[in-house]
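Computed from the coordinates by the stated procedures, all read-outs in this text should not be read as laboratory data. From a predicted model like this one, the values you see are computed outputs, not experimental measurements. Heads up, the Cβs are rebuilt from the backbone with ideal geometry, glycines too, and the neighbour counts pull from every protein chain shown.
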Amino acid sequence: MLEPETELSHTGSQSQARIYRDYMMQAENMVAQDITTMYVDWAHLTSADSELAEAIELEFYRFEPYLRVALRQFVQQENPEYVLESEDAQAGYREFFVSFYNFPLVDRIRALRTERVGRLLS
């Protein structure tokens, strides 16, 4: 995930700081609208860390639980009470989900084969 904006401003990367702000705003909207899915632009991921993007593409099911925990922690930075299932601390955490868009590979349903099981496809 991208570093906080304060650290990014020292590196001079205005683009990454803007992207970070966009995802922070999306997290705030998630809380306001009571939703648990964050939509991530695949182009942002590949420009930030192409090796991670490739690993997620090839072994999505392996990385999905970690992506979901990372999203929960990201939302928890600003809204710690929102990640709890209810006001009762014993209830556990909400389930969060990551959805990618602008994914470059599109396969037809009939083209799916067993070697593609576990991969990220659209």
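Taking 7 Å steps out from each Cα toward its Cβ at Ser50 and Val31 produces label points 3.6 nm apart. Couplings 3J(HN,Hα) of the range 18-25, computed from phi: 5, 4, 4, 4, 4, 6, 5, 5 Hz, in residue order, whole Hz [Karplus 6.51 cos²θ - 1.76 cosθ + 1.60, θ = phi - 60°; x for Gly and Pro]. Counting Cα-Cα pairs of the range 25-75 in 10 Å increments starting at 0 gives whole-percent bin shares of 23, 50, 25, 2. For Phe97, the amide hydrogen comes within under 5 Å of the amide hydrogens of Thr37, Met38, counting only partners 5 or more places away or on other chains and with H modelled in the peptide plane.
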